[in-house]
1. Would you mind checking which residues have amide H under 5 Å from Lys233's amide H? H placed 1.01 Å from N; only 5 or more apart, or other chain.
2. Can you pull out the GluC sites (Glu not before Pro) in segment 165-207 whose DSSP state is coil and whose Cβ has at most 10 other Cβ atoms within 10 Å?
3. Within the P(r) computed for the chain, what percentage of the Cα pairs occupies the region above 28 Å?
4. Quick one: work out the % antiparallel among DSSP beta bridges in segment 2-178, nearest 5.
5. I'd like the distance between the alpha-carbon centres of segment 162-233 and segment 1-75, rounded to an integer number of Å.
6. Just in segment 151-243: which trypsin sites (Lys or Arg not before Pro) are loop by DSSP and have at most 10 other Cβ atoms within 10 Å?
7. Restricting to DSSP loop positions (anything but H, G, I, E, B) with no more than 14 other Cβ atoms inside 10 Å of their own Cβ, which GluC sites (Glu not before Pro) remain in segment 6-66?
8. Would you mind counting up the charge near Tyr141? Only other residues with Cβ under 11 Å from its Cβ, with Lys and Arg at +1 and Asp and Glu at -1.
Amino acid sequence: MIEIRALTEHQEFEEAVALQKTIWGFEEIELLPVRLFVVATKVGGQVFGAFDQGRMVAFLLAIPGLKPGGKYYLHSHMMGVLSDYRNAGIGRMLKLRQREEAAARQIPLVEWTFDPLEVKNAFFNIERLGAVVRRYVLNQYGTTTSALHGGLPTDRCVAEWHIGSDRVASLLSDGKFERPAEAARIEVPTAIQLWKSQDPARAREAQAAISSQFQEYFRSGLAVTGFERADDKGIYILSKWPS
């Protein structure tokens, strides 16, 4: 039985920092410090943990943001799950708790970034949660020390989770949502994860090509509204989307 609850104690924040080391392998300079977790709880952010018999196995951290025009939202900055607990629905449990708490505060939008080369995360964000993507950021965090990033630029897609939308509500209630007419596709080979360690030049070349496609389609007013998985690739489905 996994328990999801808000983190409030310094010891819990320290556990979340330790999880970062285990999950991503970051060096000390790149860890989110305890102070940030404390501040997030004081200024309208969110800090949740997932516990298995008292042991923290996952966490989520979000901070408040402000859009032009004075519209508030939450930026979900980091979510991590220990490898032994992946594929058990814990990430979804954390996101649903996030949505519930945000809705109670009448915050309509949660955003976060994700690596477009990670097809499993893309499927989760788009097909399991109902997020859409309209923005692509080049090398957002610079080159990190995490082996998971393979020394590549940290290009990121920005997921927009409109938590009260019909799209999200329908998906979470019955697993379905209305799909706009398809306008374009972007394919990501799953082999790119192997290339990161065995052929970095090829991985960088593939990343650059994918980056160019995202930026071109987003400039033309398309958005990522669906995602398909095959044995050897992930496929972003792009459609027209209201601005």
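The numbers here are math on the coordinates, done by the rules we state, and not lab data. None of the values given here were measured: they were computed from a predicted structure. Cβ coordinates were reconstructed from backbone atoms using ideal geometry, including for glycine residues, and neighbour counts include every protein chain displayed.
1. Thr190
2. Passing sites in segment 165-207 are Glu178.
3. When all Cα pairs of the chain are counted, 32 percent exceed 28 Å.
4. Among the beta bridges of segment 2-178, antiparallel pairing accounts for roughly 95 percent.
5. If we compute the Cα centre of each part, the gap is 26 Å.
6. Sites meeting the loop and neighbour criteria: Lys176.
7. Sites meeting the loop and neighbour criteria: Glu9, Glu27.
8. Overall, the nearby charge balance is -2.
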